[in-house]
Amino acid sequence: NGETRYVLDTFKLAQPQVMRRVAGRKVFLVDHTDYSQSPADLKKAELIGFADHHKLGGLTSDKPVEGWVAPLGASGTVVTRMYDSAGIDIPKNIAGCLLATILSDTLRFASVTTTEEDKIAAARLAGIAGITDIDGLGLHMLEAKSDIRGQSPAALLDSDLKSFDMSGHKVAVAQIELQDLALVRPMKEDLL
């Protein structure tokens, strides 16, 4: 999406490979622990760990796994803890990317899930990445995310869709973050 492209370009990071099949591979999940958000063949892979800030999903494993879960506003803050625990310096471009994940997950610190640790980690990562205007970076990310030109209503709804099993009922929740609702007003009926 536009936000991801902006972050990758800003911090000169290559687009990671999208893994749709993981059978036979070792897998470390980040930002979720739900089968519904994973490749369909995850149960045929070796889960070696996860890092998340959400509720625990229904993952199971035959072997012990490494788990990093904390009630924070962003998985980027959890990953920052992992670097610190391992005593590894965070490279400048990775620090920028982690800062961006914190800004995205916490809605630029406006989300009710934002913690003081998220803010402290963001400030530290900004220093490493050479970012002097954290809010400016967040605004540029939101502008990039809000660029929905050429996207169909179905594609917009599918871009951040999460499915859940609630007492035997499948429930899906989609969200679209925009700078201005006027951007989707022309497609309101199709979105509904």
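Some points to look at:
- Residue that is on the phi < 0 side of the Ramachandran plot, open to solvent by 60 Å² or more (accessible area, probe 1.4 Å) and among the hydroxyl-bearing types (Ser, Thr, Tyr), where the choices are Ser104, Ser146, Ser159, Ser152: Ser159
- Residue in the stretch 122-132 that is open to solvent by less than 40 Å² (accessible area, probe 1.4 Å), in a helix (DSSP H, G or I), modelled with pLDDT of 95 or more and not small (Gly, Ala, Ser) present: yes
- Pairs where the first residue, in the stretch 15-43, is farther than 24 Å from Ala174 by Cβ and open to solvent by 60 Å² or more (accessible area, probe 1.4 Å) and the second is assigned to a loop (DSSP other than H, G, I, E, B) and of a type in the set (Gly, Ala, Ser), C-beta under 8 Å, 6+ apart: Gly24/Ala45; Arg25/Ala45; Lys26/Ala45
- Scanning the stretch 107-121 for residues that are charged (D, E, K, R) and open to solvent by 40 Å² or more (accessible area, probe 1.4 Å) yields Arg108, Glu116, Glu117, Lys119.
- The set of residues in the stretch 137-168 that are free of Cβ contacts under 8 Å to residues at least 24 places away in the same chain, outside any helix (DSSP H, G or I) and acidic (Asp, Glu) contains only Asp160.
- Residue within the stretch 165-187 that is under 16 Å from the mean Cα position of the chain (by Cα), more than 30 Å from Tyr83 (Cα to Cα) and surrounded by 12 or more Cβ atoms within 10 Å (Cβ to Cβ) present: yes
- Of all residues in the stretch 47-66, those that are farther than 20 Å from Leu125 by Cα and surrounded by 15 or more Cβ atoms within 10 Å (Cβ to Cβ) total 8.
The values are calculated or read from the model by the stated rules, or taken from the named source; none is laboratory data. This is a predicted model, so every value here is computed, not measured. As a convention, Cβ positions derive from the backbone with ideal geometry for all residues, glycine included, and neighbour counts pool all protein chains shown. To get the accessible areas, we keep the full protein, side chains included, count just its heavy atoms, and leave off ligands, DNA and RNA. Shrake-Rupley method; radii C 1.70, N 1.55, O 1.52, S 1.80 Å.
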